[in-house]
Amino acid sequence: MRSVDEALDAILSGVRPSGVETLSLDRCVGRVLATFRITAAVDVPPFDNSSMDGFALRAANAPGRLRLAGEIVAGSAVLPRVEAGAAVRIMTGAPMPPGADSVAPLEVADEADGAISVPPVELGAHVRRAGHDTRAGELVELPAEPIGPPTLAVLASLGIGQVEVRRRPRVAIMSTGDELRAPGEALEPGQIHDANSAALAAAVDQAGGQALRLPLTPDDPGQIEQQVRAAVAVADLLVVSGGVSVGRHDHVRGVIERLGTLDFWRIRVQPGKPLAYGAVDDMPVIGLPGNPVSALVTYELFARPLIRRMLGLTGSGRLTLPAVARDRMTKDPERRAYLRVRVERGAGGLEAHSAGGQASSQLRSLASANALLVVAEGEPAAEPGGTYDALLLGEIG
Ligand code: AMP
Ligand code: MG
């Protein structure tokens, strides 16, 4: 049996980043830049400008009474020259006029009869220099994470209207099992609703991939093979749930072995255990256990980092923080457990309460959980008062 870390290393080795496409900025949120370093073509701001509504003047003329000689609004191209003994009314963001070196804010100036009285003004006061945020030619390092609103603002301020981003990896989702029916359909005896397809497809989208749902596939080698071939034609990755175990009707492994290459592991993880990993015609395939709790947790641990790696990102993109367990939660001592907990702020830091039943058939506790509490191999339980890593999945109230 492999540890979680060994399995993840094996899955991530040899992943190729997905290709790139060019998109306009307004379609880029959540996408990943093809390169995180961009050479600025322009100064930001492009010209010296006022950071206040006030009066542009020469610091050497203050304190004193200065004649008002015009007005400059933001966007002005025509700038009156500021002579000695004079000042020009200026708005925030308006270009500094020639002859002026400083700005006295409106609040400190007394205006009367076409003139102002100003107190002493520091040289350069309230002037934003051209390039003080970014200089033309500067190498701008952008965060290696999905693009958020601030990065969009930086790109826009640099005058960039279109960027190269990674193509979202196309991830085919295939749920297998004779017993499965789509949610919304009536069940015949022995059947259950497919809880995995919608959830895994959504998880793929959240990781930055593009989910492609294949039809529900019965435990039939011929039909599984047909769907795997369909996936090869359209997808960069295939995520299968169910049918990867060692039962007589678990055919996913055999099909992948026949069409490509397969590693099959039992992983020392709870929930989860059997995991198939392989490739068909260069398309990686991950086979998750069918049980929805196991499928979603092993997706989180293995498939999500794989999709992120394809996008050129590292890690899981999740925050892990120490949390003190408030309930006793037993586990299999042979495996690393990811216990479903609700993490809350406590007096001394985060506190983790059990989110409900921890059996892998108890799905609702996964929906109630906002974190997975990681309890190491060798430990029989999470003990109240003990501190553990909490892998944060959701919001903390
Ligand atoms: P398997 O991995 O195929 O052995 O399935 C393990 C358990 O998970 C069985 O109880 C299946 O009925 C159940 N299961 C498999 N796939 C799904 C699914 N898509 N939705 C809900 N339960 C499933
Ligand atoms: Mg099955």
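The values are calculated or read from the model by the stated rules, or taken from the named source; none is laboratory data. These numbers come from a predicted model, not from an experiment. Backbone-built Cβ (ideal geometry, glycine too); neighbour counts: all protein chains shown.
Does S175 qualify as being surrounded by 19 or more Cβ atoms within 10 Å (Cβ to Cβ) and farther than 23 Å from V204 by Cβ? Judged against the criteria, S175 is not a match.
With respect to R166, determine if the residue is of a type in the set (K, R), within 17 Å of R37 (Cβ to Cβ) and away from ligand 2 (no atom under 16 Å from the Cβ). Judged against the criteria, R166 is a match. Residues considered: A276, A325. Of these, the only one that is farther than 25 Å from R168 by Cα and surrounded by 22 or more Cβ atoms within 10 Å (Cβ to Cβ) is A325. For I90, the test of being more than 30 Å from S294 (Cα to Cα), in contact with a Gly (Cβ under 8 Å, 6 or more places away or on another chain) and modelled with pLDDT of 95 or more is passed. Can we say G184 is surrounded by 12 or more Cβ atoms within 10 Å (Cβ to Cβ) and either at positive phi or part of a helix (DSSP H, G or I) (or both)? So G184 fails the test. Only a single criterion out of (1) of a type in the set (A, V, I, L, M, F, W, C); (2) over 43 Å from the mean Cα position of the chain (by Cα); (3) part of a loop (DSSP other than H, G, I, E, B) is not satisfied by F47, namely (2). Would it be correct to say that E185 is within 14 Å of ligand 1 (Cβ to nearest atom) and out of contact with any Phe, Trp or Tyr (no Cβ under 6 Å at 6 or more places or on another chain)? The answer is yes for E185. Of everything in the stretch 237-276 that's within 15 Å of ligand 1 (Cβ to nearest atom) and small (G, A, S), which residue is nearest to S3 (Cα to Cα)? Per the stated criteria, the residue is G272. Selection of first residues in the stretch 165-187 that are more than 20 Å from R229 (Cβ to Cβ) and of second residues that are basic (K, R) and surrounded by 14 or more Cβ atoms within 10 Å (Cβ to Cβ), restricted to Cβ pairs under 9 Å at least 6 apart or on distinct chains, gives the following pairs, ordered by first then second residue: V165/R31; R166/R31; R168/R31; L187/R181.
With respect to V140, is the statement that it is closer than 30 Å to Q210 by Cα and not in a loop (DSSP other than H, G, I, E, B) true? Answer is yes for this residue.
A quick yes/no check of all residues on (1) more than 16 Å from ligand 1 (Cβ to nearest atom); (2) within 23 Å of A10 (Cβ to Cβ); (3) assigned to a helix (DSSP H, G or I); (4) modelled with pLDDT of 95 or more:
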position: V297; (1), (2), (3), (4): no, yes, yes, yes
position: L301; (1), (2), (3), (4): yes, yes, yes, yes
position: P305; (1), (2), (3), (4): yes, yes, yes, yes
position: T314; (1), (2), (3), (4): yes, yes, no, no
position: R318; (1), (2), (3), (4): yes, yes, no, yes
position: P322; (1), (2), (3), (4): yes, no, no, yes
position: D327; (1), (2), (3), (4): yes, no, no, yes
position: R340; (1), (2), (3), (4): yes, no, no, yes
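Within the stretch 11-51, the set of residues being small (G, A, S), surrounded by fewer than 16 Cβ atoms within 10 Å (Cβ to Cβ) and at pLDDT 95 or above comprises G19, S24, G30, A41, S51. Looking only at residues in the stretch 345-366 that are touching a Lys or Arg at 6+ places or on another chain (Cβ under 9 Å) and assigned to a strand (DSSP E or B), which one is farthest from E379 (Cα to Cα)? Selected residue: G346. The residues of the stretch 329-338 that are assigned to a loop (DSSP other than H, G, I, E, B) and over 17 Å from W265 (Cβ atoms), listed by number, are K331, P333.
Do we have any residue at all in the stretch 114-134 that's in a strand (DSSP E or B) and within 30 Å of R31 (Cβ to Cβ)? The answer is yes, given that some residue of the stretch 114-134 is in a strand (DSSP E or B) and within 30 Å of R31 (Cβ to Cβ).
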